[in-house]
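Reviewing the structure listed below.
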Amino acid sequence: MRLLHKWSCPWGSDSPPGRAYLGEYGELVAASYLRARGCKVLYRNFRYGKRGELDIVCRDGEILVACEVKSSASPASGAPMRAVDRRKRELLRHGLRNWLHLLRRGDIPTRFDIIEVSLIGGQKPVIRHHRAAFGMHEGSKTW
């Protein structure tokens, strides 16, 4: 198993990758990080219609976790977690409800995590994992 979260980014500091590649690589790093911490990655990029996707669906013990991955190539870009606004949280809730519908189960404990991945060329990724960043309903925990 490749532990991408332990390796240096494969591009130089003077040539950052394109946005799509950066996001895809960030998701691979996040999945590697989750596996190393004992989570079982069930699916990446779960699409639920035209309204969006869940970046990573995993199991942390008995808890089903939907992870939103936010990647950045610049430390000056601010906290990527802030991009998960009210509208994005609703899309993620909708996606997890669809996942549970496919399982035909609504009694599974769930959690929404946000993983920020800072990918600076030639350096090891810096990962910030925000567990239970928000809940299934709008009034539940937010940052």
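Please state which one of 87, 37, 51, 47 is basic (Lys, Arg), surrounded by fewer than 17 Cβ atoms within 10 Å (Cβ to Cβ) and under 15 Å from residue 128 (Cβ atoms).
37
Per this entry, residue 62 is counted among residues that are out of contact with any strand residue (DSSP E or B) (no Cβ under 8 Å at 6 or more places or on another chain) and farther than 18 Å from residue 127 by Cα. Failed condition for residue 69, given (1) closer than 13 Å to residue 125 by Cβ; (2) in a strand (DSSP E or B); (3) touching a Lys or Arg at 6+ places or on another chain (Cβ under 9 Å); (4) of a type outside the set (S, T, N, Q), with all others met? Status for residue 69: all satisfied but (3). Screening residue 116 against (1) acidic (Asp, Glu); (2) loosely packed, with under 12 Cβ neighbours inside 10 Å; (3) in contact with a Pro (Cβ under 8 Å, 6 or more places away or on another chain) leaves a single unmet condition, (2). Applying a threshold of 8 Å to beta carbon distances and a minimum spacing of six or more residues, or different chains, the list of pairs starting in the range 120-143 at a residue that is of a type outside the set (A, V, I, L, M, F, W, C) and ending at one that is modelled with pLDDT of 90 or more and exposed (fewer than 12 other Cβ atoms within 10 Å of the Cβ) reads 138/86.
Scanning the range 85-130 for residues that are within 24 Å of residue 21 (Cα to Cα), outside any strand (DSSP E or B) and either modelled with pLDDT under 90 or touching a His at 6+ places or on another chain (Cβ under 9 Å) (or both) yields 119, 120, 121, 122, 123, 124, 125.
The values are calculated or read from the model by the stated rules, or taken from the named source; none is laboratory data. Predicted, not measured: the structure shown is a model, and the values here were computed from it. Ideal geometry is used to build each Cβ from the backbone, glycine not excepted, and the neighbour counts take in all protein chains shown.
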